[in-house]
Amino acid sequence: MNVNYKMIMIGDAAVGKTSLIYRYISNIFMDTYASTTITSFVSKRVKDINLNIWDSAGQERFKSLVPSFFRQVKTIVIVFSAEDPKSFEKSKEWYDLIQKTVTEPAQIIMVQNMIDKVQNKTVSQNILDYTKEHNMQFCQCSAKTGEGVQELFNIILSHANSIMPELKQRQEELLHTIITEERIKCSCCE
Ligand SMILES: Nc1nc2c(ncn2[C@@H]2O[C@H](COP(=O)(O)OP(=O)(O)OP(=O)(O)O)[C@@H](O)[C@H]2O)c(=O)[nH]1
Ligand SMILES: [Mg+2]
């Protein structure tokens, strides 16, 4: 039985959330910016895992809608841009939003994207301190060159594998509930 694994990309507008997903799923990169307005997901099957990757809208006007997609999420990726230090400051607000709204344990990863755009790739100490202090994993990526993207998803898949018994049990319980409900429906129609 394949297990479903839900993850979501969040972060400010134009930091590269959609581009990272395109790079991972289809190995493509598009220079043109088409802002995401509707949260949706794409799936990739990796061995026995259906990785459901939700892509959210980073624009401020959509921010309040994002937590409604956190239900049953197992990994949250907060993306910011290496080129724009303000986007790291804003990612702290995204972290606070997770703290306020996510009730179940989830892996949280901070991603510094667009590292192809900066000469000095050294991660600043305040970023390292912040991620460590909040128990987050940290990755540097470029959706444009593909650098770090596979590594990011390997971290996520490794987490998925580490909670596999829990995922399987949950899925079986869900299936059982659906079958039971169908039986009840059928017997009441007889
Ligand atoms: N150079 C470079 N450009 C990137 C990278 N990632 C994304 N971009 C560009 O940055 C722009 C925004 O990328 P998106 O992936 O649409 O950003 P987003 O975070 O999904 O934005 P919203 O959907 O508005 O929240 C696009 O023009 C991309 O081509 C990267 O790693 N390097
Ligand atoms: Mg997008």
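General observations
- In degrees, nearest ten, helix 149-162 long axis to first principal axis of the chain (Cα): 40
- DSSP finds beta bridges in the chain, and of those with both partners inside it, around 25 percent are antiparallel.
- Of the residues Met164, Met136, Met30, the one that moves most in a GNM of the chain with alpha-carbon contacts below 10 Å is Met30.
- By the helix-only formula, in which each DSSP H run with n ≥ 4 contributes -39500 (n - 2.57) and the sum is divided by residues, the chain has a 222 nm mean residue ellipticity of -13000 deg cm²/dmol.
- Of all lysines in the structure, the ones whose alpha carbon falls short of 28 Å from that of Lys144, not counting any fewer than 8 places away in one chain, are Lys6, Lys17, Lys44, Lys47, Lys63, Lys74, Lys86, Lys90, Lys92, Lys117, Lys121, Lys132.
- Inter-label distance, Asn126 to Lys86: 1.5 nm, where each label sits 7 Å from its Cα along the C-beta direction.
- Cα→Cβ-extended label distance, 7 Å offset, between Gln169 and Lys117, nm: 4.4
- Percentage relative contact order, the chain, counting C-alpha pairs under 8 Å, at least six apart: 23
- Considering only Gln169, Gln107, Gln137, the Gaussian network model of the chain with Cα springs below 10 Å gives its largest mean-square fluctuation to Gln169.
- Backbone N under 20 Å from the Glu60 label point (7 Å along Cα→Cβ), restricted to the stretch 98-116: 98
- Ignoring the sites themselves, the chain has its longest run without trypsin sites (Lys or Arg not before Pro) in a DSSP loop having at most 11 other Cβ atoms within 10 Å at 72-190.
- Centroid-to-centroid, using Cα positions, the stretch 1-73 and the stretch 126-172 are 14 Å apart.
Taken together, the values in this text are just the output of simple stated rules run on the coordinates, not laboratory data. These numbers were taken from a predicted model, which means no experiment stands behind them. Every residue, glycine as well, gets a Cβ built from its backbone with ideal geometry; the counts of neighbours run over all protein chains shown.
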